[in-house]
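So the structure is just underneath, and the comments pick up after that.
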Amino acid sequence: MAQKSLFTLLLGQPWWISALVGAGLFGIAQLAFPPVAPFVALPFLVISAYVAYRQLRTVSPGKVEERLQALRELSWEPFNAIVTDAYRRNGYEVAPVNKSSFDFTLTKQGRVTLLQCRRWKVKQLGAGPLEDLVKAVASEDAHNAICVCAGDFTPRAREFVAGKPVSLVHGIELAALVGKIAKHT
């Protein structure tokens, strides 16, 4: 799909925008040539339904920051329990490890993923820990790796993992992964 097409723009808007555009085009087509009116509006209604579904499954922007702040306030034990429980809910077997470059192994359908999440509180995570994680993927014969951070990743870190078997989980992805966080005392 083209970068700046109408459909691409509508995918980034609230669902009701696509529905409104579809209804408007239906009305115009109904006045101009009634037999084609439903077919003119149909793509916009499909986009509206898709966007509504996607928006229902994501976390609202206000909740994202609330969840990230709650994660940053946790100590290591509750934090790792929340993250590993989230991966268990997604069908992974989780095993703690005592390695310097990663914290857990995740196994699903015979594939091993290395999980690093010990630096979750940093404001920006650099490339150094990710370099260690990439080396660990090769030495442990893992399929890929995931690095979890409640902050962000530096531009150098993002450049480093480009094309490598490492996923960076932070922001809205992390908030959606962990779900609602109970208050800890």
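The values are calculated or read from the model by the stated rules, or taken from the named source; none is laboratory data. Here the structure is a predicted model, which is why all the values come from computation and not from measurement. Cβ coordinates were reconstructed from backbone atoms using ideal geometry, including for glycine residues, and neighbour counts include every protein chain displayed.
Between GLY126, GLY151, which is touching a helix residue (DSSP H, G or I) at 6+ places or on another chain (Cβ under 7 Å) and surrounded by 13 or more Cβ atoms within 10 Å (Cβ to Cβ)? Before you say what the answer is, go through the steps one by one.
Values: GLY151 fails: touching a helix residue (DSSP H, G or I) at 6+ places or on another chain (Cβ under 7 Å).
Being touching a helix residue (DSSP H, G or I) at 6+ places or on another chain (Cβ under 7 Å) and surrounded by 13 or more Cβ atoms within 10 Å (Cβ to Cβ) holds for just one of GLY126, GLY151, which is GLY126.
What are the residues in the range 101-126 that are small (Gly, Ala, Ser) and touching an Asp or Glu at 6+ places or on another chain (Cβ under 7 Å), if any? Show your work before the answer.
Step one: list which residues in the range 101-126 are small (Gly, Ala, Ser), which gives 101, 110, 126.
Residue satisfying the conditions is SER101 alone.
Condition check: at pLDDT below 95 and surrounded by 16 or more Cβ atoms within 10 Å (Cβ to Cβ). Does ALA138 satisfy that?
Working: at pLDDT below 95: yes; surrounded by 16 or more Cβ atoms within 10 Å (Cβ to Cβ): no.
Here the answer is no, as ALA138 does not meet what is asked.
Quick one: which of PHE39, PHE26, PHE44 is in contact (Cβ under 8 Å) with a residue 24 or more places away in the chain and farther than 26 Å from LEU174 by Cα? Write out each step before concluding.
Numbers: PHE39 fails: in contact (Cβ under 8 Å) with a residue 24 or more places away in the chain; PHE26 fails: in contact (Cβ under 8 Å) with a residue 24 or more places away in the chain.
When all the criteria are applied, what remains is PHE44.
Does any residue of the range 70-92 turn out to be among the aliphatic types (A, V, I, L, M), over 18 Å from the mean Cα position of the chain (by Cα), modelled with pLDDT of 95 or more and surrounded by 17 or more Cβ atoms within 10 Å (Cβ to Cβ)?
No, the range 70-92 has no match at all.
Any idea which of (1) touching a helix residue (DSSP H, G or I) at 6+ places or on another chain (Cβ under 7 Å); (2) crowded, with 16+ Cβ neighbours inside 10 Å is the one LYS164 doesn't satisfy?
Among (1) touching a helix residue (DSSP H, G or I) at 6+ places or on another chain (Cβ under 7 Å); (2) crowded, with 16+ Cβ neighbours inside 10 Å, LYS164 violates only (2).
Does any residue of the range 48-69 turn out to be touching a helix residue (DSSP H, G or I) at 6+ places or on another chain (Cβ under 7 Å), within 23 Å of LEU130 (Cα to Cα) and among the hydrophobic types (A, V, I, L, M, F, W, C)? I'd like the intermediate steps shown before the answer.
If we filter the range 48-69 for residues that are touching a helix residue (DSSP H, G or I) at 6+ places or on another chain (Cβ under 7 Å), which is where we start, we get 48, 51-52, 55, 58-59, 63-64, 67-68.
From what's left, within 23 Å of LEU130 (Cα to Cα): 68.
Among the residues that remain, those that are also among the hydrophobic types (A, V, I, L, M, F, W, C) are: 68.
For the range 48-69, residues touching a helix residue (DSSP H, G or I) at 6+ places or on another chain (Cβ under 7 Å), within 23 Å of LEU130 (Cα to Cα) and among the hydrophobic types (A, V, I, L, M, F, W, C): present.
Take the range 18-39 and flag every residue that is more than 14 Å from LEU6 (Cα to Cα) and among the aliphatic types (A, V, I, L, M). Give the derivation first.
Let us first name the residues in the range 18-39 that are more than 14 Å from LEU6 (Cα to Cα), namely 23-24, 26-39.
Once the filter is applied, which keeps residues that are more than 14 Å from LEU6 (Cα to Cα) and among the aliphatic types (A, V, I, L, M), the range 18-39 yields ALA23, ILE28, ALA29, LEU31, ALA32, VAL36, ALA37.
Count, please, the residues in the range 17-35 that happen to be loosely packed, with under 12 Cβ neighbours inside 10 Å and either within 26 Å of LEU56 (Cα to Cα) or of a type in the set (A, V, I, L, M) (or both). Don't jump to the end; show me each part of the working.
Filtering the range 17-35 down to residues loosely packed, with under 12 Cβ neighbours inside 10 Å leaves 31-35.
Subset that is either within 26 Å of LEU56 (Cα to Cα) or of a type in the set (A, V, I, L, M) (or both): 31-32.
The qualifying residues number 2.
Go through the range 81-185 and tell me which helices (runs of 4 or more DSSP H), entirely inside it, have 2 or more residues that are out of contact with any Phe, Trp or Tyr (no Cβ under 9 Å at 6 or more places or on another chain), under 21 Å from LEU68 (Cβ atoms) and in contact (Cβ under 8 Å) with a residue 40 or more places away in the chain. Reasoning before the result, please.
Details: elements: 128-139, 155-161, 171-178.
Because the criterion is at least 2 residues that are out of contact with any Phe, Trp or Tyr (no Cβ under 9 Å at 6 or more places or on another chain), under 21 Å from LEU68 (Cβ atoms) and in contact (Cβ under 8 Å) with a residue 40 or more places away in the chain, the helices (runs of 4 or more DSSP H) in the range 81-185 that meet it are 171-178.
Here is a list: THR105, THR154. Which entry is farther than 18 Å from LYS180 by Cα and at pLDDT below 95?
Working: THR105 fails: at pLDDT below 95.
On inspection, the qualifying residue turns out to be THR154.
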